[in-house]
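Have a look at the structure below before the remarks.
Every number here is computed from the coordinates shown, using simple stated rules; none is lab data. Bear in mind that the values here come from a model prediction, so they are computed numbers and not experimental data. Every residue, glycine as well, gets a Cβ built from its backbone with ideal geometry; the counts of neighbours run over all protein chains shown.
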Amino acid sequence: MAACPEALPLAGITVVSVEQAVAAPFATRQLADLGARVIKVERPDGGDFARRYDTTVHGESSYFVWLNRSKESVTLDLKSDDGRAVLEKLLADADVFVQNLAPGAATRMGLAAEALAERFPSLIPCSISGYGPSGPWASRKAYDLLVQCQTGLVSLTGNECGAARVGVSIADIAAGMYAYSGILAALFTRARTGIARAVEVSLFEALAEWMSQPAYYTLFGGSQPQRLGTEHPTIAPYGAYTCADGKDVLLAIQNEGEWLALCERFLEQPGLTTDPRFATGPVRVAHRDELNAIVAERFAESDSGEVMKLLDEIGTANAGVNDIDEFLAHPVLADRDRWRDVRIPGGETVPALLPPADLVGTAARMDAVPAVGEHTMTILAELGYSTADIQSLRAEGVI
């Protein structure tokens, strides 16, 4: 059951978002989870293009279903004077405005932060861009994988056969997270001081922050971390090994006590702890191939269930390398009651995960995913448009 919006932390906050794809919708969906009213502005000719990324969820896009629950959808042609007039009325009553328009588009439409501050001094504008609103790359398009490449992330993923993209839209997600936290900070600042601060986030700078550790390692170590598949570049043994039943299990050794227990009770080779090739963490990394051969041989002797049971008994961190079906059936999600049913366009319901941050005493809002333009008439009526006005706007293609 969806939470009562009035009981949620952002009840009474209105967010207007001219958004598409992943980054901005991820930020605003989290605001909606906390009770904010999120009005999503979409194009009349099909809406957010993420609606058509795929059709796997009862005909709906898996991306769109993930990112857009609990929102209201209004269609507006923002290239028309009448469409921009409707947007102005929406912004007059809004607390937050989020946009991830193409480079330069917000400025051309009078939606840049400086222009909005003149017209709506209490509005918090949030802009999500590829490489920032200034600088030599301000006008470049930036999609998730492009940013993964530009930050060097792709050079760290994959294995000896080649690089690989991270399997989720990590640059978009990073930018959406920082936009979300930035908006919360701006709302707090406005409540405390009365000043509405603009929020600016770029995909590149968000993911650049997440690349800081390998950047330090490279800057001061003289070379970047190796690309090692599931293995850790600076710790060994730390990686996945194949068991007798064909399933991979990952183990992680973090300290000398864990290494001692692994040698004595799992590998049954206590002499490895004094072997000069493996006596310390750095030399284990230097002799990774020899160590991996020893560990892999032991894993191949037992089924994955037996391996994980024994590793648990000796206090060694481990995990099966799950596929998506195994993740969906994960006992932690089931036993902690983390799934809720959410309605999607067409009336079907799908399972959705609760937001990961639990606020004690509240329940996250888990309302429906909107059809394109589903709330247009209701919202226009709230703004004072008559039925005849709305029909006229529809006839002109404004909505």
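Using the Cβ-Cβ distance between Thr387 and Arg343 with R0 set to 35 Å, the FRET efficiency from 1/(1 + (r/R0)^6) comes to roughly 0.85. Assuming R0 = 51 Å, can you tell me the calculated FRET efficiency for the pair Leu328 and Thr14, based on Cβ-Cβ distance, to the nearest 0.05? Result of the calculation: an efficiency of 0.90.
List the residue ranges in the chain for DSSP H helices whose C-alpha atoms run 20 angstrom or more along the long axis and whose Kyte-Doolittle average is 0.5 or above.
Details: long enough: 170-193 (34 Å, 0.85).
The answer, listed by residue number, is 170-193.
Using just its DSSP H runs of length 4 or more, each adding -39500 (n - 2.57), the chain gives a mean residue ellipticity at 222 nm of -10500 deg cm²/dmol after division by all residues.
For Lys40, Lys89, the sequence from fewest to most other C-beta atoms within 10 Å is Lys89, Lys40. Here the Gaussian network model covers the chain, with springs between Cα atoms less than 10 Å apart; of Ile379, Ile170, Ile314, Ile314 fluctuates the most. Ordered by the number of other Cβ atoms lying within 10 Å of each residue's own Cβ, fewest first, Leu146, Leu91, Leu328 fall into the sequence Leu328, Leu146, Leu91.
Length available on full extension from Glu209 to Phe188: 0.36 nm per residue minus the Cα-Cα distance, which gives 5.2 nm.
Cβ crowding within 10 Å, taken as a proxy for footprinting-reagent exposure, orders Cys126, Cys161, Cys263 from fewest neighbours to most as Cys161, Cys263, Cys126. Spacing of the modelled spin labels on Lys141 and Glu258, each 7 Å from Cα toward Cβ, amounts to 4.4 nm.
For region 59-88 and region 142-191, write down the distance between their C-alpha centroids in whole Å. So the separation of the two Cα centres works out to 24 Å.
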